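As structure tokens, the structure follows; a few thoughts come after it.
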């Protein structure tokens, strides 16, 4: 009886091994727990990376929206100034190749859009600086009095200078008296000529009103005439 059991045991083991039904060796509990911890750490790292990337994209998108508002405001003001300078409206609209290039540069997500908007803002600020530098050398952008002085001044000095030249050339005599008499109405003539000249030389937009600084212009035209007349009278009285 015992010999039969001894023989049957090895036979059954060989049959199980031949048919693939052998039971695998048991896994140690410590090894399984270490694998579980490693997988958990890996999944937590993936989760943290995904959360950080999502947060970075959200911050980039918010910053891009703020930057877009600033850029749009600056470009609208810049376009208005360029139209006032006579730039054609079609030149202020991006061409299809420029739109294609801009779309390609922003295809990388919110971060790429933010970088492109910041670059555009830098270009707009550089253009504003160039416009400001150009306006500083254009009299039309000066304060009204300083601008109008360029017109009223030459008209105001023309006749007094002629009177002084006549006095220096001919001395005190009939020519000086004639120059004095002819010069009396000249301040009014100079003022009218300056008024017209300011309107012709300096243009403003249809919604604005040109400031001709009438009182300032009358004063500018009157002071040289008064000084020249006083000098001629003193010369005549002294003779």
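The values are calculated or read from the model by the stated rules, or taken from the named source; none is laboratory data. Every value quoted in this text rests on a predicted model; they were computed, and no experiment measured them. We place every Cβ from the backbone using ideal geometry, glycine too, and count neighbours over all the protein chains shown.
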Against the definition (modelled with pLDDT under 70 and part of a helix (DSSP H, G or I)), how does residue 102 come out, yes or no? no
Out of 203, 209, report the one residue that is exposed (fewer than 13 other Cβ atoms within 10 Å of the Cβ) and free of Cβ contacts under 8 Å to residues at least 40 places away in the same chain. 209
I'm trying to understand the selection: among the residues of region 129-163, which are exposed (fewer than 13 other Cβ atoms within 10 Å of the Cβ) and modelled with pLDDT under 85? 129, 130, 132, 133, 134, 136, 137, 138, 140, 143
